[in-house]
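Here the structure comes first, spelled out in structure tokens, and everything after it is commentary.
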Amino acid sequence: EEPYAVKTLKPDDFNGFIMRLGGTVLGTTNSRNPFKYTMADGSIVDRSDEIIAGMKKLNIDAVIGIGGDGSFDILSRLAKKGNLKFVGIPKTIDNDLSMTDLAVGFDTAVAVATEALDRLQPTAASHDRVMILEVMGRDAGHIALHAGIAGGADIILIPEIKYSIEGIAKKIKDIKRKGRNFALIIASEAVKSPEGEKMQVVYHGGEKRYGGIADFLGPKIAEATGSETRVTVLGHVQRGASPTYNDRLLAHALGVKAVDMVNEGKFGHMVAWQKMRAVEVPIEDAIKECRTVDPKGSLVYTARSLGISFGD
């Protein structure tokens, strides 16, 4: 008897449908840590031995884990404790894993955020408004930076660059002075208040997540500029789209490399995408620190050269 709900994938399952889907077809999650699992009665239990026993009972040769730093941290600990063979594939829309240029899902999230700016622009222009779009990204501003440039934002707010209401107002007033009646702002969810306060939403059960910076800034920008301001929080819309061709290519390339690594016995490593090539890097190096936007990097320089403000 199988200890957990499992799905055996067969070649017939890969008939062209799965690669067109967003989300996880397996229904997996890292929201509950098996080393500190919250039971129905509220007690905290270490259930890692159950998972390890289940994997061994299923005679799994190797685990290919698809996820970000949280998933990899849990899986690498399970692998070490249970002497399991583990290979990782980077998959996070935040693109904040070290050692890889791209993670699966990032390109699609940026495409959705860019399209949102495309759709907000006509309304902004028609009604003389400042539109603020809040996007995901966790502690890194990659989504906001990429989509801001691609979507023609006037101001990009990211957690890596400090800003002020005065800095934002100055840019909007400059735009008005030059004869344009609207402005687009894109803000990463991890952006703090100008005073350094974290913006968080508390969900049922007490869970805290980033969110609320756009709603916080809306009235302040309206007051500072006299502009009618509207807020759009993109939220989970970024996570559910059919993947872009870039994400499909990346997923195929990383998947092939991961299987090769299993065959070659290169465990405890993640497949990374570096300089248009799939390479292996130690898992520890990939999750050691969050890869954030370099304020002096090429894309920030590009944005500034295009006249985009970071509110600083």
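The values are calculated or read from the model by the stated rules, or taken from the named source; none is laboratory data. Computed from a prediction, not measured in an experiment: that's the story for all the values here. Cβ sites come from the backbone with ideal geometry, for glycine too, and all protein chains shown count toward neighbours. Quick note on the areas: whole protein, heavy atoms, side chains included, nothing else; ligands and nucleic acids left out. Shrake-Rupley method; radii C 1.70, N 1.55, O 1.52, S 1.80 Å.
Any residue that is open to solvent by 90 Å² or more (accessible area, probe 1.4 Å), among the aromatic types (F, W, Y) and farther than 20 Å from H146 by Cβ - is there at least one of those in the stretch 243-264?
No; the residues of the stretch 243-264 include none that is open to solvent by 90 Å² or more (accessible area, probe 1.4 Å), among the aromatic types (F, W, Y) and farther than 20 Å from H146 by Cβ.
Can you say whether R230 is open to solvent by 40 Å² or more (accessible area, probe 1.4 Å), in a strand (DSSP E or B) and modelled with pLDDT under 90, as far as the supplied structure shows?
no
Tell me whether the stretch 193-208 contains one or more residues that are under 30 Å from G70 (Cα atoms), outside any loop (DSSP other than H, G, I, E, B) and touching a residue at least 60 places away in the same chain (Cβ under 8 Å).
no
Could you pull out the residue among G297, G311 that is touching a strand residue (DSSP E or B) at 6+ places or on another chain (Cβ under 8 Å), farther than 20 Å from G68 by Cα and open to solvent by less than 20 Å² (accessible area, probe 1.4 Å)?
Of the residues listed, the single one that is touching a strand residue (DSSP E or B) at 6+ places or on another chain (Cβ under 8 Å), farther than 20 Å from G68 by Cα and open to solvent by less than 20 Å² (accessible area, probe 1.4 Å) is G311.
Take the residues of the stretch 198-256 that are charged (D, E, K, R) and touching a strand residue (DSSP E or B) at 6+ places or on another chain (Cβ under 7 Å): which is nearest to F182 (Cα to Cα)?
E228
Hey, can you tell me all the residues within the stretch 33-43 that are surrounded by 11 or more Cβ atoms within 10 Å (Cβ to Cβ) and either more than 30 Å from the chain's Cα centre (by Cα) or free of Cβ contacts under 8 Å to residues at least 40 places away in the same chain (or both)?
Matches in the stretch 33-43: K36, Y37, T38.
Consider D128 against the criteria (1) open to solvent by 10 Å² or more (accessible area, probe 1.4 Å); (2) at pLDDT 95 or above; (3) under 21 Å from I175 (Cα atoms): it satisfies all of them except one. Which criterion is unmet?
It fails just one condition, (2).
In the stretch 187-206, is there at least one residue being over 22 Å from K296 (Cβ atoms) and among the hydroxyl-bearing types (S, T, Y)?
Yes, because at least one residue in the stretch 187-206 is over 22 Å from K296 (Cβ atoms) and among the hydroxyl-bearing types (S, T, Y).
Could you list all residues from the stretch 107-123 that are over 16 Å from G23 (Cβ atoms) and open to solvent by less than 40 Å² (accessible area, probe 1.4 Å)?
V110, A113, T114, A116, L117, L120
Across the stretch 72-106, what is the number of residues that are crowded, with 24+ Cβ neighbours inside 10 Å and among the small types (G, A, S)?
3
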